[in-house]
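Participant: Got a structure for you, written out below as structure tokens; questions coming shortly.
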Amino acid sequence: AQSVTQLGSHVSVSEGALVLLRCNYSSSVPPYLFWYVQYPNQGLQLLLKYTTGATLVKGINGFEAEFKKSETSFHLTKPSAHMSDAAEYFCAVSRWNYGQNFVFGPGTRLSVLP
Amino acid sequence: NAGVTQTPKFQVLKTGQSMTLQCAQDMNHNSMYWYRQDPGMGLRLIYYSASEGTTDKGEVPNGYNVSRLNKREFSLRLESAAPSQTSVYFCASSVGDRRITEAFFGQGTRLTVV
């Protein structure tokens with residue numbers, strides 16, 4: 001069975017500071033990994049994804065994530081936080097098993113302080 | 001291009017009432033999903049449809065039924081609403097042709113059961 005943990009339900013950073021949101025997964029087979037962002041009262045929007053190939057993945061809005069198989073991690077980073085980055089972030093894993101299944105982590109709410 | 005469209009956006013039900021949440025996608029996707037989102041619990045899968053004509057239970061199916069009406073539409077029905085079903089419901093779709101791709105989400109339905 002797959003599962004996803006996100007360390008820290010709420011993370012606060014100052015504007016201009018590094019953003020680091022942690023994601024660890026457990027999976028019996030190599031997974032495919034995703035980060036989604038959810039702004040208030042909206043649906044989820046894809047930030048970036050890892051399927052195969054390069055382990056450092058770049059996404060929208062300056063975010064990137066690195067797949068580390070040995071650490072079963074897929075942490076999300078952004079060098080310099082902007083006020084508009086305040087949102088909830090979800091890590092998800094997926095694999096094919098009689099259809100594509102997604103398993104989401106509990107989410108991390110990012111606050112950006114002026 | 002509308003993507004995934006959910007109706008209604010908001011609904012208040014009395015305990016015991018029934019209702020159907022509608023979802024339609026215009027991306028010619030094979031797979032469709034219904035999730036519920038509750039604080040601190042991420043997104044939990046209620047039901048999914050890997051392809052037209054098939055539906056399967058997810059993590060939290062009790063109290064719900066689904067219908068894959070055609071390739072575009074996937075509805076979620078609450079036969080007898082309970083306060084525990086107060087949540088935000090998201091419909092999503094993915095390509096579902098054995099390629100692992102991202103899920104695309106609707107804007108959500110905020111349901112309150114009183």
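Participant: Tell me the label-point distance for the pair B:GLU52, B:ALA82, using the 7 Å Cα-to-Cβ offset, in nm and rounded to one decimal.
Facilitator: Going by the 7 Å Cα→Cβ label model, 3.5 nm.
Participant: Starting with the fewest neighbours, write out B:ILE100, B:ILE46 ranked by other beta-carbon atoms found within 10 Å of each beta-carbon.
Facilitator: On the way: B:ILE100 20, B:ILE46 23.
Taking fewest neighbouring Cβ atoms as first place, the list is B:ILE100, B:ILE46.
Participant: May I pose another question? What is the distance in Å between the Cα centres of region A:1-55 and region B:18-39?
Facilitator: A separation of 22 Å, based on Cα centres.
Participant: Among B:LEU111, A:PRO114, B:LEU76, whose Cα projects farthest towards the positive end of the dipole of the protein assembly as shown, with charges put on the beta-carbon of Lys, Arg (+1) and Asp, Glu (-1)?
Facilitator: Looking along the dipole axis, the top candidate is B:LEU76.
Participant: What's the Kirkwood radius of region A:12-114 in Å, using all Cα pairs?
Facilitator: Mean inverse Cα-Cα distance, inverted, gives 14.1 Å.
Participant: With only alpha-carbon atoms counted, please give the Rg and Dmax of the protein assembly as shown, in Å.
Facilitator: Every Cα atom of the protein assembly as shown included, Rg and Dmax give 17.5, 51 Å.
Participant: Now a separate question. For chain B, what is the charge dipole size about the Cα centre, in debye to the nearest 20, if Lys and Arg each add +1 at the Cβ and Asp and Glu each add -1 at the Cβ?
Facilitator: Numbers: 12 positive and 9 negative charges, 29 e Å.
It works out to roughly 140 debye.
Participant: Now, a different point. Give me the inter-chain shielding for B:27-39: mean count of other chain Cβ atoms within 10 Å, whole number please.
Facilitator: Rounded to a whole number, the mean comes out at 2.
Participant: If you don't mind, another one. What FRET efficiency comes out for A:SER111 versus B:THR5 if R0 is 30 angstrom and r is the Cβ-Cβ distance? Round to the nearest 0.05.
Facilitator: Taking R0 as 30 Å, the efficiency between A:SER111 and B:THR5 is 0.45.
Participant: While we're here: Of B:TYR89, B:THR55, B:GLN25, which is farthest towards the positive pole of chain B's charge dipole, taken about the Cα centre with +1 and -1 on the beta-carbons of Lys, Arg and Asp, Glu respectively?
Facilitator: The listed residue farthest towards the positive side: B:TYR89.
Participant: Right, another one. Once you put a point 7 Å from the Cα of A:ALA17 and another 7 Å from the Cα of A:LYS69, both along the Cβ direction, what distance in nm separates them?
Facilitator: For A:ALA17 paired with A:LYS69, the spin-label model returns 3.5 nm.
Participant: About the Cα centre of region A:38-114, what is the dipole size in debye to 20, counting +1 per Lys and Arg Cβ and -1 per Asp and Glu Cβ, all else neutral?
Facilitator: Roughly 160 debye for region A:38-114.
Participant: Need one value for B:93-101: mean number of C-beta atoms belonging to other chains within 10 Å of its residues' C-beta atoms.
Facilitator: For peptide B:93-101, the averaged partner shielding equals 4.
Participant: Let me ask something else. From the cross-link list A:LYS78/B:LYS9; A:LYS58/B:LYS71; B:LYS9/B:LYS71; B:LYS14/B:LYS71, which pairs have alpha carbons spaced over 27 Å apart?
Facilitator: Those over the limit are A:LYS78/B:LYS9; A:LYS58/B:LYS71; B:LYS14/B:LYS71.
Participant: Related question: Given points 7 Å out from each Cα along the Cα-Cβ axis, report the A:SER84 to B:GLU59 separation in nanometres with one decimal.
Facilitator: 3.1 nm
Only the coordinates and a few stated rules stand behind these numbers; no lab work does. Please read all numbers here as calculations on a predicted model, not as lab measurements. Quick reminder, even Gly has a Cβ in these numbers, built from the backbone with ideal geometry, and neighbours come from all protein chains shown.
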